[in-house]
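Each remark here refers to the structure printed beneath this line.
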Amino acid sequence: MKYNYNRTDVYGVTLNMYLDWAAGRTALGGELRNEDLVSGNLGEPLSETHHISGTDREYTLGVNRTNISAYLEHNLLLKHLTISAGLVAVKNTWSNMNMTVYPGIDVSYRPTPAWTLHASCNTSLRMPSFTEMYYKLQGYKADPHLKPEEMTAIEGGASWNLNWLNVSANVWYHHGRNMIDWIMDTSLGDDAVWQSVNHTKVNSIGAELSATARLQQSVLKLSYSYINQEKEREANIVSQYALEYLRHKLVASAHVPIIYRLAADVNIRLQDRVGQYTDSAGQVHDYEPYALIDARLVWSEPKWKVYVEANNLLDKSYADYGH
């Protein structure tokens, strides 16, 4: 077997500082990070090869890129209000990108000891990995000209806390540009391969609800999350990341004492994933919703515990992700 050999050397320097004054706390800093890859199958041809220790082979490919970033942030802390605003400026040598600024702001308001309201708007980017740019073996074809993916995230929510009950709710909107994904055109049959691409944009809307109740020694938890993406699906296109997501996820769990030091933990999970997967025979299937029950019995002592557990207690057949 011909193994793939890769060696990555990463070095950098980070400087952070802050100042407390009458208007709050101001922080600033910067980072320089260099990533250097030599490989047998990832990257551009090297002007000079490097021997792979312990083999009779050479590193013939490689990539080098440097990321420079600087940030400025100010935090205002009042009795009922906290505001944090800042920005980060980023430049990467590999993509020839100009220095780009990504701002953000977070606000938290506490009208009473039990209630907290929060809202935020933040922007960010992610550089493509070397694998996303260059992996070209075993049915994969990467694109070395991938652009960085960028995200604008807006969120708002509230939480209510009592001694025995905690309830929270959040809604959010994500606008992604040039989102990186691996896709396959199944209409090509045996010639189909996974290709790394930039999606023009992917808009996501979501909501999260959760509640935790503590009743004497028992703990009950319930959470639900919902996601919807606006990116339209193309015929015969299967996605690994951006277009496959959990639209619905409901989790209920309970920790219940039974007798003396014996307790039971029960967890129920219901999931409904959007998208399709290809099985080992090459057939494409839609994901089907499913529910699982996991349970555990625990005997706890002050310095040790012993437990027995069963996952998928009802022996359900399901496809969680991929196949």
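The values are calculated or read from the model by the stated rules, or taken from the named source; none is laboratory data. This is a predicted model, so every value here is computed, not measured. Neighbour counts are summed over all protein chains in view; Cβ atoms, including those assigned to glycine, are modelled from backbone coordinates with ideal geometry. Ligands, DNA and RNA are excluded from the accessible area calculation, which covers all protein heavy atoms including side chains. Shrake-Rupley method; radii C 1.70, N 1.55, O 1.52, S 1.80 Å.
Table for the structure above
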| quantity | calculated |
| --- | --- |
| Estimated Rh, segment 1-106: Kirkwood, alpha-carbon pairs, angstrom | 17.0 |
| Computed over segment 241-286: relative contact order in percent, which uses C-alpha pairs under 8 Å that are six or more apart | 38 |
| All-pairs Cα distance distribution in segment 133-196, expressed in whole percent, bin size 10 Å | 17, 26, 20, 17, 14, 6, 0 |
| Over the chain: helical MRE at 222 nm, DSSP H runs n ≥ 4 each giving -39500 (n - 2.57), nearest 500 | -500 deg cm²/dmol |
| Percent of Cα pairs exceeding the 19 Å cut-off, where the set is segment 147-258 | 60 |
| Nonlocal amide H pairs with Arg57, under 5 Å, H built at 1.01 Å | Ile52 |
| Most positive-pole-ward Cα, Ser108, Tyr241, Ala281, against dipole of the chain from beta carbon charges | Ser108 |
| Apportionment of accessible area to carbon and sulfur, the chain, percent (1.4 Å) | 57 |
| Residue (of Tyr11, Met127, Trp21) at the positive-pole extreme of the chain, dipole from beta-carbon charges | Trp21 |
| Where only C-alpha atoms are counted, convex hull volume of segment 22-173 per residue in Å³ | 208 |
| Per-selection Kirkwood Rh - the chain (Cα, Å, 1 d.p.) | 24.3 |
| The chain: most fluctuating residue of Val38, Val13, Val256 per GNM, C-alpha cutoff 10 Å | Val13 |
| Viscosity 0.890 mPa s, 25 °C: Kirkwood-radius Stokes-Einstein D of segment 194-266 over Cα pairs, µm²/s | 156 |
| Local net charge near Cys121, Cβ-Cβ under 10 Å (Lys/Arg +1, Asp/Glu -1) | -2 |
| Ratio of Rg to Rh over segment 95-184 (Cα coordinates, Kirkwood Rh, two decimals) | 1.20 |
